Structure formats: C-alpha cells, structure tokens
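These notes are about the structure you will find just below.
The values are calculated or read from the model by the stated rules, or taken from the named source; none is laboratory data. Computed from a prediction, not measured in an experiment: that's the story for all the values here. As a convention, Cβ positions derive from the backbone with ideal geometry for all residues, glycine included, and neighbour counts pool all protein chains shown.
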Amino acid sequence: MKSSPDTDDLATYGLTVVPLADEAFVIASTSGTLLHLNSSARLIVENALNGQSAATIAKALAIRLHIDEPVLLADIEGLIGEICQKCSSVEQGLEEAPHSENVPDRPIEQDSYRLFGKLVHVNYRDPEIAAVCDPMLAPFRDHRQQQYDLVASFEAIGDTYKVSCGAAEVLVDRTGRAAFSGLMRVLVAHDQADPGLFRVLLHAGSVLGSAGAWLIGGNSGHGKSTLVTKLDSLGHTVLGDDLVPVDLDRRLVFPYPTALSIKHHGWETVSAFRPDLMEAEPRITSIGKHVRHLAPKNPARDEDRFGQPICGLLLPNRTAGAAPQILQVTTKEAMLALCDKYGRFPIDPDDLKALISVVSEMPRYQLVYDDVNDVLPELTTLL
C-alpha cells in the first residue's frame, strides 16, 4: 500500500485539462467533477497526465517555482490527494432538489401546471418522482380547467425512466433528479421528436432583455435569484432561476421553467416587492438551505422554447455597505462564476471549450451593490 498519493492515482478518473489562459479546468469523465486549476496546479497536473511521478515533477519544478523540493513534493501529493478526493464524489445533484423531509403528506401521482401559457398535466406514477418534481412546479399549479393542452408522463423501464410529452421522448437514469431534468427537456421540445435541444445546463438564472437572454451567474448566496425576481417584477421574462440550458453552437438559451427559489437570507429583500413570498411554504433543499418558491409574474412563453440569443452575463455581488458599481469582468472571472464550487456544468471537455469561447465574446458585468435598487437605472439601460 502506498503511503502517499502519486500521479498514477489520477489515471483512474479520466482527467481532461481544458486551458483557461495560463490556468485551466480539469474534468473527470468518471464522475463529471469540474475543478479549477491555477497556473502551478495546471503545470503539475499536465506533467502528471504525461506519466511523470510526483517526485519527478517536484525535482523538475523546484528551481523553476523557487520552492524547496521536499516542500514542493508534499504540496504536489496534497494536490493529487485533493483532486482524487473530489473526483471520487460522484453525487452531483441539483442544488434545489427538495430534501427527503419534503415528501408530501399524500402520495402525489399526478398534477396540473400552467407552463409556457399552456395547461400541462403530469402523470408522475411514482410518489418519489413527485417529491422531487412537484415542489419546484407547485407555484405553477392550476386546477381550474380539466381540458389539458399537454400531457407529460413517466414510465419505469429497468434502470431508466422514459419521460414523454407529445412528440418528445427521452430516457434518463432512474433517479428523481434525472427525472426532473428529463421532464424539463420534453416540455421544452414537446412538439419535436428529438428533445435533445441542449446538452449543457449552467448554474445561472436568465431573463430576457430587449435583444435576447442575459445569463445571471455567480456562486450560491450572491443574489442570483433575488436579482431574477426583481427583474421579473419589472416586466422581464424569466427563462430560469437557478439552472438554464444552452445551445453553445447556436448561442441560444432555453427556458427551464422552475419556480423562483428564494433562500432565507433573501426573504426580507424580496418580500418588499413580492409580499406573497411570505405566504409560500418554507422548504429545505438537499443541501440544507431554507427556501420559499414563487411563480414568476412573467414566466417563459411558448415561443421562448425555441431559444433566445445570448446577450451577455451579469454577476450580482450583493455586499453590505458596498457602493453601487457595474464593472466589466474578465473571461476567467466569468468562467469561475459559471463553473462554481458545485462542479456540475458543463462536464464535457468540448462543451467547456465552447463555453469559454462564447463567454469570451459576450459582454460581462459584475453588479456590486448593497441595495439592488441602487444599480437598477444603469442596469435597465443595459438590458
């Protein structure tokens, strides 16, 4: 048994390095893990993937990096251990998937929702699927009519679910989270035989401006959902709150019609302009955060299902006492915000390269503020 990790331990995870200026992302094909590497870590990982041992890399780089060889060797082994630990964790579930404590009191087998301006009836068939899907759709619930425009359904087939709606049909893993993603895919493409309109899901919100879709990204807690909800209240159509599908080749954003998920630290701010927030039942997410769900006032329309052009990226940064500023950000800063600590999207190297290319060419702004109202005049002009 080896006493310390070495570079051959990395080979088991199918690592691919995707450059980002002098830094990089590394993707593990076995788990879908996405990690950011600074310039030194990139150099070490690239040498490791070329078959060099930790000791060999330390010997070659010690002088170049001005670090004592034993110290550098320990750092390299620590880096390898950290990458292996993160890559071995394959649970990459959606942040807003409801916690098991939120299983409904009554088994839900079906329900109806107003989505894309249509009444959609969903046959869950399995209460465990409903426990994941229904909380995010509940604010769209509509029982006023019995004549449905669309019917979506789930069918268990071995280790998969077949999710269908109209002409669209997709097979997904037999888990609640995968089922929810499958439901979104067939709803977006219900009038097409192939629902594969998108491969990449970004951890971002999206609203429509005058010329198309603006992505709203950033790490959890920085104010994505609060900003999306504020722009919704001002009349901007909401394509997504926390996750949005994109077609990187055509540079289009598709809707992901889930409810607005407002975490507890944003309840006071949002309730000032959406007082109905406090009427919503608090829920606990899979990672222990308390949220309330709201239906957007301006949800995605039927025509939005065919995609809206990407206009740019906004990175909200709500900071107590901060003076309001709208700052341009680099491609690297934008990518680190979109591919944050959850390491989920995208997971394919070619998709990641395409995303870097798209982000490098779009307008990118960080919004620094204490009160979002302080940057609204400039922001609404921008949109």
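In the stretch 226-242, which residues are surrounded by fewer than 21 Cβ atoms within 10 Å (Cβ to Cβ) and either aliphatic (A, V, I, L, M) or touching a His at 6+ places or on another chain (Cβ under 8 Å) (or both)?
L234
Tell me, please, whether a residue that is closer than 22 Å to T330 by Cα and either touching a strand residue (DSSP E or B) at 6+ places or on another chain (Cβ under 9 Å) or of a type in the set (D, E, K, R) (or both) can be found in the stretch 180-188. Even if it seems obvious, please write down each step before you answer.
First pass over the stretch 180-188, keeping only residues closer than 22 Å to T330 by Cα: none.
Among the residues of the stretch 180-188, not one is closer than 22 Å to T330 by Cα and either touching a strand residue (DSSP E or B) at 6+ places or on another chain (Cβ under 9 Å) or of a type in the set (D, E, K, R) (or both), which makes the answer no.
Suppose the filter is outside the structural domain of V120 (by TED's automatic domain parsing), hydrophobic (A, V, I, L, M, F, W, C) and not in a helix (DSSP H, G or I); does L327 pass it? Talk me through it step by step, then tell me what you get.
On the way: outside the structural domain of V120 (by TED's automatic domain parsing): yes; hydrophobic (A, V, I, L, M, F, W, C): yes; not in a helix (DSSP H, G or I): yes.
Yes.
Among the candidates L171, L183, which residue alone is in contact (Cβ under 8 Å) with a residue 24 or more places away in the chain and either buried (at least 18 other Cβ atoms within 10 Å of the Cβ) or more than 13 Å from the chain's Cα centre (by Cα) (or both)? Steps first, please.
Details: L171 fails: in contact (Cβ under 8 Å) with a residue 24 or more places away in the chain.
It is L183.
Condition first: crowded, with 16+ Cβ neighbours inside 10 Å and either at pLDDT below 90 or of a type outside the set (D, E) (or both). Now tell me which residues in the stretch 18-34 satisfy that. Before you say what the answer is, go through the steps one by one.
Initial filter on the stretch 18-34 (crowded, with 16+ Cβ neighbours inside 10 Å): 18, 20, 23-28, 31-34.
Passing the criteria: V18, L20, A24, F25, V26, I27, A28, S31, G32, T33, L34.
Output the residue which, of all residues in the stretch 35-87 that are among the basic types (K, R) and closer than 20 Å to A24 by Cα, is surrounded by the most Cβ atoms within 10 Å (Cβ to Cβ).
Residues of the stretch 35-87 among the basic types (K, R): 42, 59, 64, 86.
Going one step further and asking which of them are closer than 20 Å to A24 by Cα, we end up with 42, 64, 86.
Numbers: R42: 20, R64: 10, K86: 16.
Within the stretch 35-87, the match that is surrounded by the most Cβ atoms within 10 Å (Cβ to Cβ) is R42.
Output the number of residues of the stretch 270-293 satisfying the condition of being assigned to a helix (DSSP H, G or I) and surrounded by fewer than 19 Cβ atoms within 10 Å (Cβ to Cβ). So that I can check it myself, show each step before the final result.
Initial filter on the stretch 270-293 (assigned to a helix (DSSP H, G or I)): 270-271, 275-279.
Filter again for surrounded by fewer than 19 Cβ atoms within 10 Å (Cβ to Cβ), leaving 271, 275-276, 278-279.
Final tally of qualifying residues: 5.
Given the conditions (1) in contact (Cβ under 8 Å) with a residue 24 or more places away in the chain; (2) out of contact with any Gly (no Cβ under 8 Å at 6 or more places or on another chain); (3) not in a helix (DSSP H, G or I), and given that H190 satisfies all but one, which numbered condition is not satisfied?
H190 satisfies all of (1) in contact (Cβ under 8 Å) with a residue 24 or more places away in the chain; (2) out of contact with any Gly (no Cβ under 8 Å at 6 or more places or on another chain); (3) not in a helix (DSSP H, G or I) except (2).
Can you tell me which residue in the stretch 22-70 is farthest from I83 (Cα to Cα), limited to those that are of a type in the set (D, E) and touching a helix residue (DSSP H, G or I) at 6+ places or on another chain (Cβ under 9 Å)?
To start, the set of residues in the stretch 22-70 that are of a type in the set (D, E) comprises 22-23, 46, 68-69.
Subsequent filtering for residues that are touching a helix residue (DSSP H, G or I) at 6+ places or on another chain (Cβ under 9 Å) retains 22-23, 68-69.
Values: D22: 19, E23: 16, D68: 22, E69: 21 Å.
Going through the qualifying residues, I end up with D68.
Those residues that are part of a strand (DSSP E or B) and out of contact with any Cys (no Cβ under 9 Å at 6 or more places or on another chain), I need them from the stretch 209-246; list them, please.
Pass one, the stretch 209-246, residues part of a strand (DSSP E or B): 213-216, 238-240, 244-246.
Matches in the stretch 209-246: I216, V238, L239, G240, V244, P245, V246.
Got a sec? Which of A178, A211 is surrounded by fewer than 23 Cβ atoms within 10 Å (Cβ to Cβ), over 27 Å from D350 (Cβ atoms) and not hydroxyl-bearing (S, T, Y)? So that I can check it myself, show each step before the final result.
On the way: A178 fails: over 27 Å from D350 (Cβ atoms).
None of the other options fit; the residue is A211.
Of all residues in the stretch 30-75, how many are touching a residue at least 40 places away in the same chain (Cβ under 8 Å) and of a type in the set (V, I, T)?
3
Within the stretch 85-133, how many residues turn out to be modelled with pLDDT of 85 or more and not acidic (D, E)?
Total meeting the criteria: 21.
Looking at (1) touching a residue at least 40 places away in the same chain (Cβ under 8 Å); (2) in contact with a Ser or Thr (Cβ under 7 Å, 6 or more places away or on another chain), find the lone condition where M278 falls short.
(1)
Quick check on my filter: what residues within the stretch 154-168 are of a type in the set (G, A, S) and buried (at least 17 other Cβ atoms within 10 Å of the Cβ)? Steps first, please.
Here is the first cut: in the stretch 154-168, the ones of a type in the set (G, A, S) are 156, 158, 164, 166-168.
Of everything in the stretch 154-168, those that are of a type in the set (G, A, S) and buried (at least 17 other Cβ atoms within 10 Å of the Cβ) turn out to be S164, G166, A168.
Having 1 or more residues that are at pLDDT below 90 and under 14 Å from the mean Cα position of the chain (by Cα) is the bar; report the helices (runs of 4 or more DSSP H) wholly within the stretch 331-383 that clear it.
On the way: elements: 331-338, 349-361, 376-382.
Output list reads 331-338.
Yes or no: the stretch 262-279 includes at least one residue that is in contact with a Pro (Cβ under 8 Å, 6 or more places away or on another chain) and of a type in the set (A, V, I, L, M).
No, because not a single residue in the stretch 262-279 is in contact with a Pro (Cβ under 8 Å, 6 or more places away or on another chain) and of a type in the set (A, V, I, L, M).
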